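For reference, the structure is listed below as structure tokens.
The values are calculated or read from the model by the stated rules, or taken from the named source; none is laboratory data. Everything numeric here is computed off the predicted structure, so don't read it as measured data. Note that each Cβ is placed from the backbone with ideal geometry, even for glycine, and that neighbours are counted across all protein chains shown. Heavy atoms of the whole protein, side chains included, go into the accessibility calculation; ligands, DNA and RNA do not. Shrake-Rupley method; radii C 1.70, N 1.55, O 1.52, S 1.80 Å.
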Amino acid sequence: MSGPTLDPSRRAADPEEARRQQLAQALQRAQMAIAWERLWPHLARLLTVAGLFLSASWAGLWIALPFWARIAGLAVFAVLALAVLVPLIRFRWPTRDDALKRLDLGSGIAHRPVTALTDTMGSQDPVAQALWMEQRARTLAALKRIRAGLPSPRLPIHDPWALRGLVVMLVVVTFIAAGEDRFARVAAFFDWNGALSPANVRVDAWISPPPYTSRPPIILSA
């Protein structure tokens, strides 16, 4: 008895299909890595602004400042947040060419090996096709495992003075110092009672003369 036989065309197509799946997964990983490298510096700036706000709140700044100063603080943090978010308008998802370039650099092999795997053969010459297939097989064997590499946002370039480290330290210190009043100190920033209109306050004061004068209490006006 003989076992089941596979179609030769299917056997030939299986390595090609596996190569396509491997390449597609590598391209997806490369695009994700590039997107994170482009996005993380903006998110780090936004987290820095949020950390400054929390550290100022937990330090009790909003409790000590008057209402108009809280409004000024809101304007300052709003401007900082907008300055951080505006550059995100230029964010673009990495293209296939961007991912191919990253994989070529990560392969450590010259002459764009990963990009060459995406090329197609236009000639119908059997000899040319055989040479082309052999070249693709050797390239794939040399790559073994296509790597996109870990994301490298290069934050020191965007923050040369390491302000993010200072903000993290301030957040930790003020978080501990605030104790159980953390929420109340943050909520004080949004306590704007009387901020937009004068507070309706009335003070009644009087002086009671000594009893021997037999005079009624004197009401103090203004």
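Subtracting the Cα-Cα distance from 0.36 nm times the residue separation, let me have the gained length for GLN21 to ARG215 in nm, one decimal. Gain on extension, GLN21 to ARG215, equals 59.7 nm. Computed over protein heavy atoms with a 1.4 angstrom probe, the accessible surface ordering of ARG70, ARG164, ARG29, ARG215, largest first, is ARG215, ARG29, ARG164, ARG70. Across the stretch 51-59, coupling constants 3J(HN,Hα) worked out from phi with the 6.51/-1.76/1.60 Karplus curve, θ = phi - 60°, read x, 4, 5, 5, 5, 5, 5, 5, 6 Hz, and Gly and Pro carry x.
Sorted on the mean count of surrounding Cβ atoms within 10 Å across their residues, most packed first, peptides 175-185, 56-66 read 56-66, 175-185.
For ALA64 and ARG154, FRET efficiency with R0 = 41 Å and r from the beta-carbon atoms, rounded to 0.05?
Between ARG154 and ALA64 the formula returns 0.60.
Between ILE207 and ASP191, the modelled labels are 3.5 nm apart [label points 7 Å from Cα along Cα→Cβ].
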